[in-house]
Each structure stands twice: as C-alpha cells, then as structure tokens.
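Reading through the structure tokens given below for one structure.
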Amino acid sequence: MDVAAAKDIGAGLATIAFVGSGAGIGVVFGNYISGALRNPGAAQTQFTNLYIGYALCELQGLFGLLIALILLFT
Amino acid sequence: MAASPMEQFTIKPIIPLHLGGYDVSFTNQSLWMCIVVGGLSLFMAIAVWNRRLVPSRLQSMAEMSYEFVAGMLNMTSGEDGLKFFPFIFTIFLFILGSNFFGLIPGAYTATAQLCVTLALTMLVIFTVIVTGFIRHGLGFFKLFVIKAPLFIAVPMALLEFISFCARPMSLSMRLFANMLAGHTMLAVMAGFVVALAGAGGVLSALSIAPMLLIIGLAALEFLVAFLQAYVFAILSCIYLSEAIHLHDNH
C-alpha cells in the first residue's frame, strides 16, 4: 500500500471521532431536557452550562476532523 | 467534475504587497474582514442614530445584542467582569458578523481560517493572563491549585496546567472547524445538485432532493453560526472570570 492511500484511509478513520462527539452531545441535551422537565423553573439558569457542555463534547469530534485535515493536506 | 468543496477557502491576493520579505497582500480575507467590521459599525451607528425611549426595530436589535452580552458577562463574572464588556462585545459581534456574512452565497468566511480564530483566541488568552497577574500578582498560580491532600493536588495541578495550555487551541479549533465543516458540507451538497442536474433524464428531476436538503442545512448553519459566536464569547467570559476571581466566588 502506498503512503497516499494509507493517508486517505487514516483520514477516513479519523472521522470515527464524531461517534463519541455525537453520543456526548446526545447525553448532554438528553439530560438537560429530562432535568428541565422535572424542574422547569431551574431550566433557564442552566442554559449556559448546557452550551458549555455541548461545546466541550463537540470539540472532541473536531479534533478528529483536525487530524483528518492534517492527513489530507500535508 | 464540480470544483473542490475546499476551493472556497483559498486566499487570493487582491492588491499584492510585499514588505521586507513578508507577503502582506490585501487579500479577499482582509477584504471580508473589513466588510464585516464596516457593516457592523454601520449597523450600530444607524441603529443608535435617532435614539428614542421607545426603540425602533433597528435600535432594539442593537439594544438586545448589548443586553445579551452584558447579561452573559454579569452572570459568569459578576460586577467586576463588566469592565471587560467592550472587549467581549467586540469579539462576539465580530465572530457573529463574519459567521453570518459568510453564509451569504458566494461570500468568503473570515472565521473559517485558523489564523483568524487563533489570533482572536490569543487576544483572549493574553488578556486573561495579563489580568490575572495584574490582579493577583504571583497569586495567579493559585488557579492551578485545589484544596486537597498533596497526592491529589500535585497531579491535579499538572492537569489544570495542561488544560490551561490547551485552551487557546481548543477555543480556536472549535470555531474554525465548525465553520470549515459547515461550509464544506454545503459545498458538497451543492456539488450533488450540479452533478445530478447534469446527468439528464430521471436523475435531473432527482436533483431537487439535495436542493431541499441544502435549504435545511443552511438553516442549521445559521444556528451554528450564532451558537459558535455565543460559545466563544461565553468561554472567554469564563476564562476572564477565573482570572478575576481565581477559584473563590463561582
């Protein structure tokens, strides 16, 4: 197998990182909604935490994208 | 074959300039950043031109964005943090502006370049570090120390330090990668439409499907554009708040 093909396969494999990202975002929003349904009064106050959690989860997938881009364009 | 989906991110010099061996050309990147800054300044200037107690629609848009950022800053870092309001407000509006301007078909997204987001992040991180040292002197290093037995506190300090050092990268990567991924996705979908329409026969009629998908995705991109500006601003607020208050008074 030549290096170019191996790089392409590696870039494809790097996108598996989004599995974890998707699962994490699902957990964040799912738990937020279940918490908000139990206590709607407190839901608004946790809005910031919700999006911080979302951003941190999403980042883990984006690192995979970064690795894919490095493999493809260097 | 349609053009590469990554082609939209190429930087093209408009006015080539070279200064002491460095390429300082005025590029489409610079042009769009100027457009964003100019557009936002114009919007703000027009919005508050005829100030009224009962705001017009434009004025209430400006007031809403002001109150949104002020509320965000007040919630995360309290009264002390409001000193940094102009800084956070500028960063928030610039990112929001470039994200939204980038969604105009044919426009160039300034925030889809790692150099831009990294520069913005460096600005935030240096502000945090300088504020921390001015406020607390060497006590700023208490940021890495937690109240715990020594065998926990030492590894935790190391972890906190690593996470502090990773912040510039994570903050800039998030914005850059989101913008890049979103616009690449739209371009790939647009490529499907062109390829299907050109195929002829039944396949041409099918090209309406990716077209509808693009409309949905574009709506999603508006959400992401706002969300990323919000996340960037709120994380900057939190980092600033840590520099101001260290660990107490969360």
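You will find that of A:ALA11, A:ALA55, the residue that is in a helix (DSSP H, G or I) and either touching a residue at least 24 places away in the same chain (Cβ under 8 Å) or more than 11 Å from chain B (Cβ to nearest Cβ) (or both) is A:ALA11 and no other. Looking at this structure, is B:ILE215 touching a helix residue (DSSP H, G or I) at 6+ places or on another chain (Cβ under 7 Å) and either closer than 30 Å to B:THR127 by Cβ or modelled with pLDDT of 90 or more (or both)? For B:ILE215, the condition - touching a helix residue (DSSP H, G or I) at 6+ places or on another chain (Cβ under 7 Å) and either closer than 30 Å to B:THR127 by Cβ or modelled with pLDDT of 90 or more (or both) - is not met. Scanning segment B:8-29 for residues being free of Cβ contacts under 8 Å to residues at least 12 places away in the same chain and closer than 15 Å to B:ALA112 by Cβ gives a total of 1.
Could you tell me whether any residue of segment A:15-36 is touching a helix residue (DSSP H, G or I) at 6+ places or on another chain (Cβ under 9 Å), away from chain B (no Cβ under 13 Å), in a helix (DSSP H, G or I) and modelled with pLDDT under 90? No, every residue in segment A:15-36 fails to be touching a helix residue (DSSP H, G or I) at 6+ places or on another chain (Cβ under 9 Å), away from chain B (no Cβ under 13 Å), in a helix (DSSP H, G or I) and modelled with pLDDT under 90. Among the candidates B:LEU196, B:LEU180, B:LEU206, B:LEU158, the residue that is farther than 30 Å from B:GLY78 by Cβ and surrounded by fewer than 17 Cβ atoms within 10 Å (Cβ to Cβ) is uniquely B:LEU206. Could you grab me the full set of residues in segment A:58-74 that are within 11 Å of chain B (Cβ to nearest Cβ) and not hydrophobic (A, V, I, L, M, F, W, C)? Result: A:GLU58, A:GLN60, A:GLY61, A:GLY64.
Taken over segment B:83-133, the criterion of being surrounded by fewer than 17 Cβ atoms within 10 Å (Cβ to Cβ) and among the polar types (S, T, N, Q) is satisfied by B:THR90 alone. The residues of segment B:35-81 that are among the β-branched types (Val, Ile, Thr), more than 24 Å from B:THR109 (Cβ to Cβ) and either loosely packed, with under 12 Cβ neighbours inside 10 Å or within 14 Å of chain A (Cβ to nearest Cβ) (or both), listed by number, are B:VAL54, B:THR76. Within segment A:26-52, the only residue that satisfies the criterion of being crowded, with 17+ Cβ neighbours inside 10 Å and in contact (Cβ under 8 Å) with a residue 24 or more places away in the chain is A:VAL28.
Does B:MET185 satisfy the criteria of being surrounded by 12 or more Cβ atoms within 10 Å (Cβ to Cβ), within 14 Å of another protein chain (Cβ to nearest Cβ), touching a helix residue (DSSP H, G or I) at 6+ places or on another chain (Cβ under 7 Å) and at pLDDT below 90? Spell out how you get there, then give the answer.
On the way: surrounded by 12 or more Cβ atoms within 10 Å (Cβ to Cβ): yes; within 14 Å of another protein chain (Cβ to nearest Cβ): yes; touching a helix residue (DSSP H, G or I) at 6+ places or on another chain (Cβ under 7 Å): yes; at pLDDT below 90: yes.
Yes, satisfied.
Anything in segment B:146-167 that is within 13 Å of chain A (Cβ to nearest Cβ) and not charged (D, E, K, R)? List them, or say none.
As a first pass, look at segment B:146-167 and keep what is within 13 Å of chain A (Cβ to nearest Cβ): B:163, B:166-167.
Listed by number, the residues that qualify are B:SER163, B:ALA166.
Restricting B:ILE125, B:ILE95 to those that are away from chain A (no Cβ under 14 Å) and at pLDDT 90 or above reduces the list to B:ILE125.
The values are calculated or read from the model by the stated rules, or taken from the named source; none is laboratory data. Note that the structure is predicted; figures quoted are calculated from it, not measured. Cβ coordinates were reconstructed from backbone atoms using ideal geometry, including for glycine residues, and neighbour counts include every protein chain displayed.
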